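Inspection log for the structure reproduced underneath, given as structure tokens.
The values are calculated or read from the model by the stated rules, or taken from the named source; none is laboratory data. Everything numeric in this text was worked out from a predicted model, so none of it was measured. Here the Cβ is made from the backbone with ideal geometry for all residues, glycine too, and neighbour counts use every protein chain on show. Ligands, DNA and RNA are excluded from the accessible area calculation, which covers all protein heavy atoms including side chains. Shrake-Rupley method; radii C 1.70, N 1.55, O 1.52, S 1.80 Å.
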Number of protein chains: 2
Amino acid sequence: MSERAWELVLQHVESAMLAGDLAVGDRLPGERALSADLGVGRSSVREALRALEVLGLVRTATGSGPSAGAFITATPQGGMSALMRLQVAARGFPVADVVATRLLLERTVAERLAERNAAASPEASGPVGTGDDPLADARRLLDAMDAPGLPAADFIGLDAAFHLALAVAAGNEVVAATMAGLRSGIERYTIAGAEAVADWPRMAARLRAEHRAVLDAIDAGDPALAGARIHEHISRYHADTAVPATRGTRP
Amino acid sequence: MSERAWELVLQHVESAMLAGDLAVGDRLPGERALSADLGVGRSSVREALRALEVLGLVRTATGSGPSAGAFITATPQGGMSALMRLQVAARGFPVADVVATRLLLERTVAERLAERNAAASPEASGPVGTGDDPLADARRLLDAMDAPGLPAADFIGLDAAFHLALAVAAGNEVVAATMAGLRSGIERYTIAGAEAVADWPRMAARLRAEHRAVLDAIDAGDPALAGARIHEHISRYHADTAVPATRGTRP
DNA sequence: GTACCAGATGTGGTCAGACCACACCGCGCG
DNA sequence: CGCGCGGTGTGGTCTGACCACATCTGGTAC
């Protein structure tokens, strides 16, 4: 009863998705049609669509024809990134907690990847896998990071993509999206930290070596080693680039 | 340039938070004032506020006086819950991945809690802690679950609160919020699963015992045991109550 | 002097209508 | 047959109006 009109629209869309009437890729009715169907104003429909958009559930396109309109699109990384970024900005998520969570998730991801290789290796190029390397993307990114004279900002971007590629390779959508979000939440501090590094080429070289070491441990099927190495990699970087940016939260 | 008007408002608020001009508890300027200040329509301001609201960053209240208006409030659990719930509804997050992530996080939480106790116990009622039991809430919830004749729905609610209490006790805001969100995402299936259990009192008794066992392992300062027990607890429950609800994703 | 009640005030919530920019679609011209 | 230009329908935005609500204010009754 005391329901706000836009929440009604939100629930309508959610119900439709749960019932299977709306799936990823489907186009929603036009804003004017939804407005008329649900008996609410168009502005209320738009507020609900905005909410769905920031959560990564809807993508809108202007114009006309089949490619225009609002589409269902499950892109949780976008929503997760916005959530983390803003919660960090509002001091609801301490940066330390974000880093700790990333540490936790990434260590487990590395362990799982190594475990999978350990289970598969006894079969000697086992026929189970189709031969595709789930870490191909990660390896490609590592090679790209070897480019000499790479600007720090570009390196950081590739670094983020590498860590995300590991999470994606682990095959868990939720973990991958969360990792992407966590990274976004502390991106500002990561960049600031990199810029404060005195000898960046040296740091980049160290990071490259550590990345390779992590991948080697995964390939070797050694969960404990892979976990320890990635844990060390991340915590060491954050310790070395710690910026007193979280100070002064008291006015 | 091609910025949508409501994104401009969003960025304005984010910048203000990062600059410290807006902090949790502060009241935002009125919608009409923001509209005038930023040179956008009031509807665009409202769309941005709606986005902030679903992300758990803003709370609005009607009326007049000091308690009315839009306030900054970092309540990430709300935003995380909406995100997870809708992504699961859209099949962007497979239920299995949500469960796996919960397993991962909760196991680590239990291990950390046990580790903390292991480190503190040698000191024999060490003076480090103030004497407060961080798991007091969890214990209280366990006691509440002992109530005879408790309806399954109420039990499920207390169970969720118990698991969340563990995450909160670990002291990581991000993990706690994520856990709450994960739980919300699969709440529907959890309830459906419980209702399908033939001998619920027996199941409840088992769950109660497992909860106590987990807490005992934590108190004993045994990380491996605590982790294994909570892993077993969750995975066993989901295996026993598995509902073929994720089937039929193909129309 | 005090207690209380009624109107003024200002907030978010909603609706209606209008206009714009944009991308497609089809008719008609060359 | 090919091409261009206007029609059409989409989201994006703005404006103005009204409502519900909680508070504040001031006057009135006691």
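Show me A:142-148, B:214-220 ranked by packing, highest mean number of other Cβ atoms within 10 Å first.
B:214-220, A:142-148
Among DSSP bridges having both ends in the protein assembly as shown, what percentage is antiparallel? Round to the nearest 5.
100
Taking residue A:59 in one copy and the same position in all the others, each labelled 7 Å out along Cα→Cβ, what are the pairwise distances from the first, in nm, shortest first?
3.6
Provide Rg over Rh for chain B; use the alpha carbon set for both Rg and the Kirkwood Rh (inverse mean inverse pair distance).
On the Cα set of chain B, Rg over Rh gives 1.06.
Taking the Cα centre of segment B:68-187 as the origin, how large is its charge dipole in debye, to the nearest 20, when only Lys and Arg (+1) and Asp and Glu (-1) carry charge on their Cβ atoms?
Computed about the Cα centre, the dipole is about 420 debye.
B plus A alone minus the pair: what accessible area, both sides summed, probe 1.4 Å, in Å² to 100?
4500
What percentages make up the Cα-Cα pair-distance distribution of segment A:5-74 when the bins are 5 Å wide from 0?
Values per bin, smallest distances first: 4, 18, 30, 29, 17, 3.
Compute the long axis of helix A:76-89 from its Cα atoms, compare it with the longest principal axis of the Cα atoms of chain A, and write down the angle in degrees, 0 to 90, nearest 10.
Between the helix axis and the principal axis of chain A, the angle is about 80 degrees.
With a 1.4 Å probe and every protein chain kept in, tell me what percent of the accessible surface of segment B:178-223 is carbon plus sulfur.
52
Counting helices only, and only those DSSP H runs with n ≥ 4, report the 222 nm mean residue ellipticity of chain A as the sum of -39,500 (n - 2.57) divided by its residues, in deg cm²/dmol to the nearest 500.
Theoretical 222 nm ellipticity from helices: -22000 deg cm²/dmol.
For segment A:176-248, compute the orientation-averaged projected area of the C-alpha convex hull (one quarter of its surface), in nm².
Average of the hull's projected areas for segment A:176-248 equals 5.7 nm².
In the neighborhood of residue A:203, defined by Cβ-to-Cβ distances under 13 Å, what is the net charge if each Lys or Arg adds +1 and each Asp or Glu adds -1?
Taking every other residue near residue A:203 into account, the sum is -1.
Relative to the longest principal Cα axis of chain A, at what angle does helix A:200-219 sit, 0 to 90 degrees, rounded to 10?
Tilt of helix A:200-219: around 90 degrees.
Using the Karplus equation 6.51 cos²θ - 1.76 cosθ + 1.60 (θ = phi - 60°), what ³J(HN,Hα) coupling, rounded to whole Hz, does each residue of segment A:162-168 give in order, writing x for Gly and Pro?
Each residue's phi maps through the Karplus curve to give 5, 5, 5, 4, 4, 5, 5 Hz.
Distances from residue B:239 to the same position in the other copies: list them in nm, one decimal, shortest first, using label points 7 Å from Cα along Cα→Cβ.
Counterpart label points of residue B:239 in the remaining copies fall at 3.9 nm.
Along Cα→Cβ at 7 Å, what distances in nm separate the residue B:147 label point from those on the other copies, shortest first?
Spacings between copies for this position, smallest first, are 6.2 nm.
What's the average, rounded to a whole number, of partner chain beta-carbon atoms within 10 Å of each residue's beta-carbon in B:15-25?
3
If I model a spin label as a point 7 Å beyond the Cα along the Cα-Cβ vector, how far apart are those points for residue A:143 and residue A:232 in nm?
Once both label points are built, they end up 2.7 nm from each other.
Which value in Å is the Kirkwood Rh of the protein assembly as shown over different Cα pairs?
By the Kirkwood definition, the hydrodynamic radius is 24.7 Å.
Rounded to the nearest 0.05, what FRET efficiency do residue A:21 and residue B:152 give with R0 = 25 Å and r taken as the Cβ-Cβ distance? Could you check?
0.25
How many partner chain Cβ atoms sit within 10 Å of a residue's Cβ in peptide B:55-64, on average, as a whole number?
That works out to 3 on average.
Considering the dipole of chain B built from charges on the beta carbon (Lys and Arg +1, Asp and Glu -1) around the Cα centre, which of B:169, B:189, B:225 is farthest to its positive end?
Checking the options against the dipole of chain B, the answer is B:189.
Where in chain B lies the longest segment free of trypsin sites (Lys or Arg not before Pro) that are both loop residues by DSSP (not H, G, I, E, B) and have at most 15 other Cβ atoms within 10 Å?
Longest stretch, sites excluded: B:5-246.
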